[in-house]
Amino acid sequence: MEKKEWYLEYQIHENRPGLLGEIASLLGMLRINIVTINGVEHRRRGMLLRSESDEAIQRLKFILETMDIITLRKIREPKLRDRLAVRHGRYIERDEDEKKTFRFVRDELGLLVDFMAELFKKDGHRLIGIRGMPRVGKTESVVAASVCASKRWSFLSSTLLRQTIRSQLADDEFSENHIYIIDGIVSTMRASEKHRMLVSDIMRLPATKVVEHPDIFIRETEYSLNDFDYIIELRSDESEEITYEAVDSGFSSFDIS
């Protein structure tokens, strides 16, 4: 039987010496291998496990539930957030009401890049929106994630170095292996009809598209929030408010993304 990966997370109530050794010994007796281990939140420990026996995992679950110095929180096939939590030592913040929305602050750019890179590695159509005020690191993070995912990227519109508005792409830029980056303000409020036709063509490609300022993009086009697979919010700090007041007053604060 092929070995399968599992994610285990437990809360520690009494962090006494030897606790991790006891759990590791239990895993060894059940022939369950530890792939990665890390603290994932305050007094919580997460592990990626590998086992060829689902029955062994069920036995592990039963035994851990009888231990009074820990509380078993999760034992399941690992999701992307689980893998990143073990890798980086914390969970990505997710909106409780809008499950497709994930929040980051500038100090977490490494985690954000890793998260987006994992999304970019997947094949097929994927529409990702990224919210944030100017100069917070949106475009740089998208480019870095493309590099990590070994994907080429093309700017359809951008203000990273100077204003970019493309009306056509080279033949080798039409590829399902590309990451297409669109500035939602520039493409909808500053661009020509020819550029908008290009954006429309790219949106139909089975490839990943990243739209900066998705709220403006939605407001000015036929697309809705439901069309987006993920919404990422990036702030300088947790208290920063993302607003678009400058957009309607002449873009004075949005000249550089």
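Could you run through the range 32-49 and say how many residues are modelled with pLDDT of 90 or more and surrounded by fewer than 18 Cβ atoms within 10 Å (Cβ to Cβ)? Here the count works out to 7. Please determine whether any residue of the range 112-119 is part of a helix (DSSP H, G or I) and among the small types (Gly, Ala, Ser). Yes. Within the range 79-104, being of a type in the set (A, V, I, L, M, F, W, C), within 13 Å of the chain's Cα centre (by Cα) and surrounded by 16 or more Cβ atoms within 10 Å (Cβ to Cβ) holds for Leu84, Ala85, Ile92, Phe102, Phe104. Scan the range 11-31 and report the pairs whose first residue is open to solvent by 90 Å² or more (accessible area, probe 1.4 Å) and whose second residue is assigned to a strand (DSSP E or B), with Cβ atoms within less than 9 Å and a gap of 6+ or a chain change. Close Cβ pairs (under 9 Å, with a partner that is assigned to a strand (DSSP E or B)) amount to His13/Ile70; His13/Thr71; Glu14/Ile70; Arg31/Ser51. No other residue among Glu98, Glu77 is over 30 Å from Val136 (Cβ atoms), in contact (Cβ under 8 Å) with a residue 12 or more places away in the chain and charged (D, E, K, R) apart from Glu77. The single residue among Ile202, Ile165 that is closer than 21 Å to Leu225 by Cβ and among the hydrophobic types (A, V, I, L, M, F, W, C) turns out to be Ile202. Just for the range 233-257: of the residues that are farther than 30 Å from Lys122 by Cα and at pLDDT below 65, which one is most open to solvent (accessible area, probe 1.4 Å)? In this case the residue turns out to be Asp248. Here is the figure for the range 50-59: residues that are touching a residue at least 24 places away in the same chain (Cβ under 8 Å), open to solvent by 70 Å² or more (accessible area, probe 1.4 Å) and farther than 16 Å from Asp82 by Cβ total 2.
In the range 139-171, of all residues being more than 17 Å from the chain's Cα centre (by Cα) and farther than 17 Å from Met203 by Cα, the one that is modelled with the lowest pLDDT corresponds to Leu161. With respect to the conditions (1) part of a strand (DSSP E or B); (2) open to solvent by 30 Å² or more (accessible area, probe 1.4 Å), Leu127 lacks only one, and its number is (2).
The values are calculated or read from the model by the stated rules, or taken from the named source; none is laboratory data. Treat the numbers as computed from the prediction; the structure is a model and nothing was measured. Using ideal geometry, Cβ is built from the backbone for each residue, glycine included, and neighbour counts are taken over all protein chains shown. All accessible areas refer to the heavy atoms of the entire protein, side chains included, with ligands and DNA or RNA removed. Shrake-Rupley method; radii C 1.70, N 1.55, O 1.52, S 1.80 Å.
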